[in-house]
Structure formats: structure tokens, C-alpha cells
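Take a look at the structure set out below.
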Amino acid sequence: MDRNLQAGGDWSELIPRRELLKLSGLGFGALAAAYILHSEGVGATVADRGRPLDLKARPGHFRARARAVIQLVQNGGPSQMDLFDFKPELQKRQGGTMPGSVETFQPGNTTTLLGTPFRFRRQGACGMELSEALPYLGTIADEITLVRSMFTEHNNHTEALVMLSTGKIFPGKPALGAWVSYGLGTENQNLPAYIVLRDPTGYNTSGKLVWSPGWLPALYGGVEFSSAGAPVLDLQPAVPRPAGSQRADLQFLARLNEAHRRKFPGESELEARIRNYELAARMQVHAAPALDVSQESAATRALYGLDNPTTASYGTRCLMARRLVEHGVRFVQVFPPPFQPWDSHKDTKGELETICAVTDLPVAGLVRDLKARGLLDETILLWTGEFGRLPVSQGSKGRDHNRNAFSLWLAGGGFKAGYVHGQTDEFGYRAVVDRVSVPDLHATLLHQLGLDHTKLTYRHHGREETLTDAPVSKARVVAGLLQS
């Protein structure tokens, strides 16, 4: 069979898998396969999906304010009352008992109020109140939109991270980046639309669940790039191969794919796989130059902290993110060191000082660099964890998880600069004014990219799915966050 195919011969005398199912067991195998494929949407044609199965740049539903997103995922749950949301009443009543009821999740939790060990100062012309734990963020306060009234649906890291990524606490749905790639494609056909920059030493809490395409075609899922060593994983063979052998293999594979495509036209699964192969081939030539931070000036490298061992690794990923959006990539996720570095259960002050020292300078450098290059207006920068922390102590100096309130910030992309949105209660326990849900955040991000979250749909299991589960979730665009 191999000799016949390699020679370009006819393979029609071979029994295809579908024909074998039809001929076996009175055809019940074919019936079962048809049902399964239909339920998963595998057998649907490109026309059935309503959008082409490729990564070519395409317009949204209306004029976009931004063209790209950099998501700085701060997994672990940054403490809002220690970083972004100072609470005088919490400080005043430190050591007292939290009034009313408070959720407790782990042994060692108390109802004793724990004030922040950090001082807060008003920063920038806007007067935004920020913690001394983030001194470099304070220098760009006039560029950011601080949201103090976020809330989510789960107190466990995995469920909350999956919620932040997909809008649901259960795994299996497509990530935000996959939806954006599906809706808009990308401006650079030589790089993936959705790129993930994780720490080369390990994964975040939830691993690849956070950038999964779910039931969208694999073409739209996140592609891992490395900030150490070869930037693109598994792109080059581990063992050198004879000259011309790879090209011969690719040509042989192309003949196989083309024969299958002629026999079963319109099958999106095969089409997606072919597109991925073609993209991988182009990446071998174009990816490395786009990610080569050695081309940057000494001043730019210092701006991201590449000259400091503490900030160099994270700073490299932030600089790579800027280079990727500069090269037309649509969605980039940047992760901090593993495992969940913002998870300050034991020592809030010490644990926050450690991770802030790693991330604060590079993030501020990224904002400054994007603005200096004229990229900030068209790029959305999102800094967020999966939930917040409790105002009561765990042990004597730590804090446990809190789904009822957390803070995040955005910059660029048409979001109000130097603006604070929403409020929590007097202890920072619950978002109470201008509350923003995770689906609200997703709807607002899509809106700035020119996408209507109620109209960006994909047929799955017989229904039109959306990122925000509209209209059931009642997700809304938060107009108060946006420039007029």
C-alpha cells in the first residue's frame, strides 16, 4: 500500500473506514458513528458553521476599538485589600471579629479581621489609591482602568481559572482566546492567532484547560511558545534528518489529505488539521525572528527587567507578548511562575512581596512600551487573577480564597484611563456597587474587539453556543469602563 501511495497511485480499491462500518453489523456501526459525529458537530460543513475554517483576518460585527489582547494571568488569587482596594474600616477594626457571616474554606481560617501590612498612596494625576507593594504600577496609574467590584462563582483555583477563561466553572468550553481567534482570525498568517507564554519551568494550576479550544476546531486553541530555548515547541525534529526527507514526507501527507478531501468534501475536521500542518510549516521560517528579543535595544530590555535575575524570565515573556501583537497576533496569554504564586495562605506580606518583585516592573514596562510604540490604543491589556482573598485571617498572617470580590485592571483598547470602577463593602469582602461578573468582563472585551457576544455563536450539540451563554447569563457590556 505504501509503495502505491508514494507513487501517486489510486487507493480507491481500499475499504475506507466509513464503508467498513456500513458493511459490518448490518450497518449499525455506521448509524452510531453518524450520530456521534453529528452530536459533536464533526460532520458539519464549513457553511453549516457560519464562518470559514481558517485564520484569515475578518471583520467583526461592528467597528472595533482594539485589534489584539494581552492577558496577564495572575493565578493564585491576588489580594484586593492588600494591593488595590484599601479599607480604612478593616485597618481600624483589625483583630476584631468580622460581623455577620463569612465563608470559610480551610482549617485555620478565623473570623478575626486582618488589616493590610502595606501602606497605600494616591498615584498619578488621577489620584488612584494603590499599594506600596506595586510601586511600578503606581507610575502608570493614569493609563489603567481599575475594577474593584469583580466577583466569580467558585472558590477553588481550577474551577475559578476555568471560569475566568471560558465563562463556566466546568471544563470543556472554549477559552476566550479561542473565541476571539474564531471570530476575527489573525493579521499574521505565519503565526497562530492565539499564543500562550507560560513559565518554562512549569504550568499554572489548571494547565492547558485555560487555553483549550473546547469543542471549537483545534485551529483556534492556544499554542504554547517558550520563553527559554527554542521558542516554538516540537517545531523542529529532535534528531537531524537527511536533506529533503521532511519535504518528501510533507508531500506524501498532502497527497493523502487531498485524496481524502476529494472523497469526503466539506469535512471541517480534516480541513482544520491541514490548516494546522500548513501553519506549522510557515512557523518554521517566521516564528523565531518574531520572538527574538535579542534584537531589542539595551534600554528596552532594561525597561522589562531583563538585566535583573528576579524579573528577567517574566520580563522576557512580557516583551515577547509585545513583539507578538506587533507582528499581528490576535491574543496572547502570559503566565507568572508556577504553580499559583499569588496564593498567600501563610504570610500575606512575604508572599505578595515575592511575586510583586517578579511581575511589577515588567508589567509597567509593557504598558510604557506599548504606549511609546503607538500600540496601546489598539491593544487591550488585562491583568487579573481568578478570585480575591478574605478580609479575615488564615492562621495568623495569611488569607484564604474569596469568590465574592476581587480587583483587576485593564489598559488601552478604548478603556477609560485613570479610572476606578465599583466598590466593595467596608471590609473588602463582597462587591456591592457596580458589580462586574466574569461574563460581563468577557462581553465587554469582545465588544472592544468589534464582536457582539450574543451573535458570536457556534453550533454544538444542536444549539447555538456563545462565550457568555447569552441570553441565559444576562451578561452585559459594562459601558462605564469604556471611553465615550
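The values are calculated or read from the model by the stated rules, or taken from the named source; none is laboratory data. What you see is a predicted model; the values in this text were computed from it and never measured. Because the Cβ atoms are built from the backbone with ideal geometry, glycine has one as well, and the counts that use them run over all protein chains shown.
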| note | Condition set part of a loop (DSSP other than H, G, I, E, B) and farther than 19 Å from PHE339 by Cα, scope region 146-170, selection nearest to the chain's Cα centre (by Cα): answer is GLY167
| Within region 176-198, which residues are more than 11 Å from the chain's Cα centre (by Cα) and more than 20 Å from ALA288 (Cβ to Cβ)? | SER181, TYR182, GLY183, LEU184, GLY185
| message | of a type in the set (Asp, Glu) and either outside any loop (DSSP other than H, G, I, E, B) or at pLDDT below 95 (or both): is that true of ASP440 in this structure? | response | yes
| message | Just to be sure I understand, how many residues within region 338-354 are within 20 Å of the chain's Cα centre (by Cα) and of a type outside the set (S, T, N, Q)? | response | 5
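This table checks each residue for (1) in contact with a Ser or Thr (Cβ under 7 Å, 6 or more places away or on another chain); (2) of a type in the set (Val, Ile, Thr); (3) more than 30 Å from GLY428 (Cα to Cα).
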site: MET150; (1), (2), (3): yes, no, no
site: LEU161; (1), (2), (3): yes, no, no
site: PHE170; (1), (2), (3): no, no, no
site: ARG247; (1), (2), (3): no, no, yes
| query | Which is surrounded by fewer than 16 Cβ atoms within 10 Å (Cβ to Cβ) and hydroxyl-bearing (Ser, Thr, Tyr), of THR110, THR152, THR97? | reply | THR97
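Residue-by-condition table, conditions (1) under 22 Å from the mean Cα position of the chain (by Cα); (2) at pLDDT 95 or above:
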{"site": "LEU408", "(1), (2)": "yes, yes"}
{"site": "GLY418", "(1), (2)": "no, yes"}
{"site": "HIS453", "(1), (2)": "yes, yes"}
{"site": "LEU467", "(1), (2)": "yes, yes"}
{"site": "VAL472", "(1), (2)": "no, no"}
| field | Condition met for ASP142 (part of a helix (DSSP H, G or I) and out of contact with any strand residue (DSSP E or B) (no Cβ under 7 Å at 6 or more places or on another chain)) | value | yes
| field | Of the criteria (1) at pLDDT 95 or above; (2) of a type in the set (Gly, Ala, Ser); (3) over 18 Å from THR166 (Cα atoms); (4) part of a loop (DSSP other than H, G, I, E, B), which one GLY480 fails | value | (4)
| For region 185-222, how many residues are farther than 14 Å from LEU53 by Cβ and part of a helix (DSSP H, G or I)? | 5
| Here are some residues: THR186, THR158, THR166. Which one is surrounded by fewer than 24 Cβ atoms within 10 Å (Cβ to Cβ) and among the polar types (S, T, N, Q)? | THR158
| query | ASP469 is checked against (1) assigned to a loop (DSSP other than H, G, I, E, B); (2) in contact (Cβ under 8 Å) with a residue 40 or more places away in the chain; (3) buried (at least 24 other Cβ atoms within 10 Å of the Cβ); (4) not hydroxyl-bearing (Ser, Thr, Tyr) and fails just one. What number does that condition carry? | reply | (3)
| query | Where residues in region 337-379 are among the small types (Gly, Ala, Ser) and crowded, with 20+ Cβ neighbours inside 10 Å, which of them is nearest to LEU83 (Cα to Cα)? | reply | SER344
| said: Of all residues being over 13 Å from LEU83 (Cα atoms) and assigned to a strand (DSSP E or B) in region 95-122, which is farthest from the chain's Cα centre (by Cα)? Just the residue, please. | reply: THR97
| query | When the residues of region 286-330 are filtered to those that are more than 22 Å from LEU382 (Cα to Cα) and part of a loop (DSSP other than H, G, I, E, B), which remaining residue is nearest to the chain's Cα centre (by Cα)? | reply | ASP292
| task | Go through region 56-94 and count every residue that is part of a strand (DSSP E or B) and surrounded by fewer than 20 Cβ atoms within 10 Å (Cβ to Cβ). | result | 1
| Every residue from region 443-466 that is of a type outside the set (Phe, Trp, Tyr) and either in contact with a Cys (Cβ under 8 Å, 6 or more places away or on another chain) or not in a loop (DSSP other than H, G, I, E, B) (or both) | ALA443, THR444, LEU445, LEU446, HIS447, GLN448, ARG459, HIS460, ARG463, GLU464, GLU465
| task | Sort out which residues of region 115-133 are within 20 Å of GLN423 (Cβ to Cβ) and not basic (Lys, Arg), and write them in order of number. | result | GLY115, THR116, PHE118, PHE120, GLN123, GLY124, CYS126, GLY127, MET128, GLU129, LEU130, SER131
